[in-house]
Amino acid sequence: MRLASLYDDFTEYFEQAAQYSEHDPRLLEQVKTCNNVYQMTFPVENDDGQIEVIEAYRAQHSHHRLPTKGGIRYSKMVDADEVKGLAALMTFKCAIVDVPFGGAKGGVCIDPFRSSPEFVERVTRRLVIELNQHNFIGPAIDVPAPDYGTGEREMAWIADTYRTLNPHDINYWSCVTGKPLSLHGIPGRREATGLGVFHGIMQCLADPYSSHGLSPGLDGKRVIVQGLGNVGYHAARELSEHGARIVGIAEHDAGVYDPNGLDMEDVANHRWTHGGIAGYPAGQVFADSLETIEQPCDILVPAALEHQITADNAHRVQASVVAEAANGPTSPDADRILRHRGITVIPDLYLNAGGVTVSYFEWIKNLSHVSFDRMLRRNSEMHTSRLLDTIEQQSGTVINSDRRAMVEQGPSERDIVYDALAQTMTESYDRIARLRRERELPDLRSAAYLYSLELVAQSYIDLGLFP
Ligand code: GLU
């Protein structure tokens, strides 16, 4: 029997939500369908001097808004269906957080964790040549970003290769996001997805209409995080800094659980030095990593890959909230089981949209060729200073100089990014939660899909593509 792919999952979730839409079914079919998939094979020399044939994909799900946007993942598991499903998720993710992109996703079939940096660099630069030749990359066309197995390093190689190929495009830095700060990246992009996960969880906990039964705020809440990569690490760090107790951490090789709480930085260091969690000297270590996510907790954060919560283990999950930091961690069968058991799921297409939100800020910054703080920091400081002078004059009191200096300080670019991200995540949650209530939808996932598919459908109508 063929295992369901991420694209099958997406189709099922989409169709569940589309039942509540009044749009023409043919329009909904267009909104659902993935527009383009470009499959490439190209030769790259490996470290032994042998030629390897590399398989890669770039899927562009929807062009209702341009450029298309989405990460590039490096993994041996990548195939056409996976990138199609992930590209589709990107379309609806962008619509939910109101960033003006269609969805895309790329994948390269290599194991980045067992490859030399030199090989990964050769593959990355060759990939960009391929994408460029076929018009699958460019600031106005399609803008990649980090995903599983890629990061700032790969984004720097992508930007550098693109600008070599397109020296006359003055916006060449906007051809990719998630770049290092020294190469026109933006502060906050690295931690953006994890931070967004934190804001989304906070908002759900504070939602008086949600049925999770937990109190608002994170104080003392028990959290299990699966995957301590970029997303999981920053989410766990933010959650624990705001009072949550990280009781479980699962990685590819093993998991660790301690109801009294783990020192997540220590676990992260162990993972860094030993390449995994096996042999961690505290708590209960599970050789079967998936057993960790079945332990008691309030919030379970799957932040690794797809298909982690399936019909096989969903009935053993002991959390009140499943917060989908990864893309596609819950299969539709498992989703039904969780719903039936009264477990609240905060869906991926909303919860992990912090990454693309800050990518949007980076893209705008690169297109404007100026950082956000540069144009307003001094102005904001002057404005506050005049206001404080007026308060002092009117009240006849002198404001303490330390306090004054603190209040007067204008926002850094990081402050601006963090605040805009928090606002985006908060407002987006409220929109989907409201729709869920108003339309009496079964869960937040249906609400997120319905909200975003209606927006995309409306774009097709406004573009005159459907009567
Ligand atoms: N790979 C990330 C995602 O799945 C980021 C996409 C982007 O920033 O364009 O949302």
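Before moving on, here are some points about what is shown:
- For the stretch 286-339: Kirkwood Rh in Å [reciprocal of mean 1/r, alpha carbons]: 11.0 Å
- Accessible area in the full protein assembly, largest first, 1.4 Å probe, for Cys204, Cys109: Cys109, Cys204
- Of the listed residues Arg316, Arg445, the order by accessible area with a 1.4 Å probe, largest first, is Arg316, Arg445.
- q = 0.08, 0.14, 0.17, 0.18 Å⁻¹: log10 I(q)/I(0) that the Debye formula gives for the stretch 203-359, counting C-alpha atoms only: -0.20, -0.63, -0.95, -1.07
- Percentage of interatomic Cα-Cα distances in the stretch 325-366 larger than 11 Å: 69 percent
- Cross-link table Lys69/Lys105; Lys76/Lys179; Lys93/Lys221; Lys69/Lys93; Lys32/Lys76; Lys32/Lys84, entries beyond 19 Å C-alpha to C-alpha: Lys76/Lys179; Lys93/Lys221; Lys32/Lys76
- Summed side-chain charge close to Pro112 - residues other than Pro112 whose Cβ falls under 12 Å, Lys, Arg +1, Asp, Glu -1: 0
- Sparse-neighbourhood loop sites, trypsin sites (Lys or Arg not before Pro) in the stretch 61-113 - DSSP loop, at most 14 other Cβ within 10 angstrom: Lys76
- Rounded accessible area per residue of the chain, 1.4 Å, Å²: 43 Å²
- 9 Å beta-carbon shell around Gly243, net charge (K/R +1, D/E -1): 0
- Debye, to nearest 20: dipole size of the stretch 147-210, +1 on Lys, Arg Cβ, -1 on Asp, Glu Cβ: 140 debye
- Rounded percent of accessible protein surface that carbon and sulfur make up, the stretch 324-467, 1.4 Å probe: 51 percent
- Restricting the stretch 394-467 to GluC sites (Glu not before Pro) that sit in a DSSP loop and have at most 14 other Cβ atoms within 10 Å of their own Cβ leaves Glu440.
- Summarised as an ellipsoid, the stretch 407-467 has semi-axes of 32, 19, 7 Å, derived from the eigenvalues of the Cα gyration tensor scaled by 5 and square-rooted, with the largest first.
- For the stretch 350-452, the percent of C-alpha pairs falling in each 5 Å distance bin, counted from 0 to the bin holding the largest distance, reads 2, 11, 14, 13, 12, 11, 11, 9, 8, 5, 3, 0.
- Here the translational diffusion coefficient of the chain follows from Stokes-Einstein with Rh set to the Kirkwood radius across Cα pairs; for 20 °C and 1.002 mPa s it amounts to 92 µm²/s.
- Using every pair of separate Cα atoms, the Kirkwood estimate puts the hydrodynamic radius of the stretch 157-239 at 15.5 angstrom.
- Rg/Rh for the stretch 4-62, where both radii come from Cα atoms and Rh is the Kirkwood radius: 1.26
- Take each peptide in 293-300, 332-339, count the other Cβ atoms within 10 Å of every residue, and average; sorted highest first, the result is 293-300, 332-339.
- Cα coordinate range in the stretch 103-164, projected on the principal axes (Å, largest first): 33, 25, 19
- Exposure ranking of Tyr148, Tyr162, Tyr209 by accessible area [1.4 Å probe, largest first]: Tyr209, Tyr148, Tyr162
The values are calculated or read from the model by the stated rules, or taken from the named source; none is laboratory data. In this text, all values refer to a predicted model and were calculated from it rather than measured experimentally. So basically every Cβ, Gly included, is an ideal-geometry build from the backbone, and we count neighbours across all protein chains shown. These accessible areas exclude ligands, DNA and RNA; they are computed on the full protein's heavy atoms, side chains included. Shrake-Rupley method; radii C 1.70, N 1.55, O 1.52, S 1.80 Å.
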